[in-house]
Amino acid sequence: MELNDITSIVLAVVFGAAIGLEREISGKAAGLRTNVLICLGAAVFTVISKQMAAGQQESITRIAAGIVSGVGFIGAGAIMRERASVLGLTTAATIWLVASVGMACGARAYFLAAMTSLITIVVLIGLAQLERPLQKYGKKHKPKNLNEDQKDTEQ
């Protein structure tokens, strides 16, 4: 194991923790530990894939595609449908994005991982503050009033 690989793993934990901390403070199901583990796992898979592929670029991209698909599956589990609304989309998107940060760390693209983490935190915190006053103008967050026929067909 090289020093660069250790750096990749440590930075994946740091960046995953930074994003996970915001999710934890927000009281989301996928919080600190989940985001750290996803970011760390993606970094480790990326480091391993680079070592295993050794000069075979298509092998690296296949493993990267596997990470994206696998994490997408985990994120899909975070999405819940409750009557006329869908919950957990931001959590699922964050899980997917944290995996990309881990992959960037594993690929030694540290600046990309750092900037992505910073922008993610700004989006999660900043846009949440912006969404609150906008909710009264839009229908996005308001559940529809369903009549009895519609309720029966949705269940």
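Values quoted throughout were computed directly from the atomic coordinates according to the rules given, and no laboratory measurement underlies them. Bear in mind that the values here come from a model prediction, so they are computed numbers and not experimental data. Here Cβ is always computed from backbone atoms with ideal geometry, including for glycine, and neighbour counts include all displayed protein chains.
In this simple spin-label model, placing a label point 7 Å from the Cα along the Cα-to-Cβ direction at both ARG83 and GLU24 gives a separation of 3.4 nm. Between LYS136 and ILE48, the simple label model (points 7 Å from Cα in the Cβ direction) yields a spacing of 5.2 nm. Computed from the C-beta positions of ASN4 and ILE121 and an R0 of 30 Å, the FRET efficiency is 0.75 to the nearest 0.05. With an a/c value of 1.5 or above and a/b not larger than b/c for the gyration tensor axes a ≥ b ≥ c computed over the alpha-carbon atoms, the stretch 64-138 is described as oblate. For ILE79, the amide hydrogen comes within under 5 Å of no other amide hydrogen, counting only partners 5 or more places away or on other chains and with H modelled in the peptide plane.
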